[in-house]
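The values are calculated or read from the model by the stated rules, or taken from the named source; none is laboratory data. Since the structure is predicted, the reported quantities are computational estimates derived from the model, not experimental observations. Quick reminder, even Gly has a Cβ in these numbers, built from the backbone with ideal geometry, and neighbours come from all protein chains shown. Just so you know, the surface numbers come from the protein's heavy atoms only, side chains and all, with ligands and any DNA or RNA stripped out. Shrake-Rupley method; radii C 1.70, N 1.55, O 1.52, S 1.80 Å.
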Amino acid sequence: MARSDISVVVPVLNDAVHLRRLIDDLHDTDVEIVVVDGGSDDDSMSVAKGARVVTAPRGRGTQMAAGAGIANGEWLWFMHADTRLSQRVVPALVDRLEKPRWGFFSVRLDGESWPYRMIEKTMSWRAAASGIATGDQGIFVHRELLDAVGGIPRQPLLEDVELCRRLRRLAKPIVVPEPLLASSRRWERDGIARTILVMWWLRFRYFAGANPESLAKAYYG
């Protein structure tokens, strides 16, 4: 499979600094880069000049769907703008692609203190055991399978969880052990314990049937 068959879709909102680093990491990999802007007022669009760019209403689910709609790749790989990649990541992905399938990566956090080692191991283990990953883990999916589940869920929160729930009904995920480096800024900003409790509370409420719109209102205030 040619790397040009992979489209990396990156939803952004005022992510210029992080987006520049991600695009540098993807330089010379031959994958297509699709940047979906949700209304940035920083330099995100200038940074994205080397990529295909589309605008969409703010919200990861809506932006991911818009990016998938214009991407040329047979495989769609959804990435957060603050993700970093080693040179081994793209080859590790290419070696494991089987169609029509889907999957995600293990994750490392860029925080240096020991609690982040526990968090990243727990995230990777939980995702592998449950078949439900977070957006930090670089969910990838063959277009045929994405179409079969109705595309990206256009919901304001937990679109990654809902996408995985739908996909795992059709196929077991591929778990790529080569980790992506994810930002720990959310834990650093809000506190480790509080962030974990909030995310588990949101998931519990969602699995119990709560409306994602009401959860988003409570989460974002």
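Could you tell me which residue out of H80, S44, V54 lies farthest along the dipole of the chain toward its positive end? Charges go on the beta carbon: Lys and Arg +1, Asp and Glu -1, centred on the Cα centre.
The residue sitting farthest along the positive end of the dipole is H80.
Shape of the chain from its Cα gyration tensor (a ≥ b ≥ c, root eigenvalues): rounded if a/c is under 1.5, otherwise prolate when a/b > b/c, or oblate? Intermediate results must be reported in sequence, preceding the final value.
Details: a/c = 1.22, a/b = 1.16, b/c = 1.05.
Rounded, because the longest to shortest axis ratio a/c is under 1.5.
In terms of the Cα gyration tensor, with a ≥ b ≥ c the square roots of its eigenvalues, is segment 1-92 rounded because a/c is under 1.5, prolate because a/b exceeds b/c, or oblate? Show your work: numbers first, answer last.
Values: a/c = 1.95, a/b = 1.31, b/c = 1.49.
Since a/c reaches 1.5 but b/c is at least a/b, the shape of segment 1-92 is classed as oblate.
Rounded to the nearest 500, what is the chain's calculated 222 nm mean residue ellipticity when only DSSP H runs of at least 4 contribute -39500 (n - 2.57) each, over all residues? If you can, show how the numbers build up before the last one.
Working: 10 runs with 98 residues, N = 221.
Taken over the chain, the calculation gives -13000 deg cm²/dmol.
Need the list of lysines near K99 for cross-linking: C-alpha distance under 19 angstrom, and skip anything on the same chain fewer than eight residues off.
Correct list for K99: K172.
Nearest 20 debye, what's the magnitude of the dipole of segment 119-215 about its Cα centre given +1 on Lys and Arg Cβ and -1 on Asp and Glu Cβ? If you can, show how the numbers build up before the last one.
Values: 15 positive and 11 negative charges, 55 e Å.
So the dipole magnitude of segment 119-215 works out to roughly 260 debye.
Roughly speaking, what is the centre-to-centre gap between segment 77-111 and segment 4-42 when only Cα atoms are used, to the nearest Å?
After rounding, the separation between the Cα centres reads 14 Å.
Of all the accessible heavy-atom surface of the chain, with the other protein chains kept in place and a 1.4 Å probe, what percent is carbon and sulfur? Numbers along the way, then the final one.
Values: 5400 of 10760 Å².
With neighbouring chains kept in place, the figure for the chain is 50 percent.
Rolling a 1.4 Å sphere over the protein heavy atoms, what is the accessible area per residue of segment 112-181, to the nearest Å²? Walk me through the numbers before you get to the answer.
Details: 3190 Å² over 70 residues.
Per-residue value: 46 Å².
Cα-based Rg (one decimal) and Dmax (whole number) for segment 114-188, in Å?
13.2, 41
With the Cα gyration tensor of segment 44-171 giving a ≥ b ≥ c as the square roots of its eigenvalues, does the rule (a/c under 1.5 for rounded; else a/b larger than b/c for prolate; else oblate) give rounded, prolate or oblate? Before the final figure, lay out each step's value.
Details: a/c = 1.44, a/b = 1.17, b/c = 1.23.
Rounded shape, in that the Cα axes give a/c under 1.5.
Packing-wise, with mean Cβ within 10 Å as the measure, how do 122-131, 31-40 rank, highest first?
Values: 122-131: 15.4, 31-40: 22.3.
Highest-to-lowest ranking by the protection proxy: 31-40, 122-131.
Roughly what % of Cα-Cα distances in segment 151-221 sit above 20 Å, to the whole percent?
Details: 1111 of 2485 pairs.
Counting pairs separated by more than 20 Å, the tail of P(r) holds 45 percent.
Treating only the Cβ of Lys, Arg, Asp and Glu as charged (+1, +1, -1, -1), what charge dipole size does the chain show about its Cα centre? Round to the nearest 20 debye. Can you show the working numbers first?
Working: 30 positive and 28 negative charges, 182 e Å.
So the magnitude is around 880 debye.
Roughly how many Å² is the accessible area per residue of segment 1-107, as a whole number, for a 1.4 Å probe? The partial results should precede the final answer.
Values: 4700 Å² over 107 residues.
Per-residue accessible area for segment 1-107 comes out at 44 Å².
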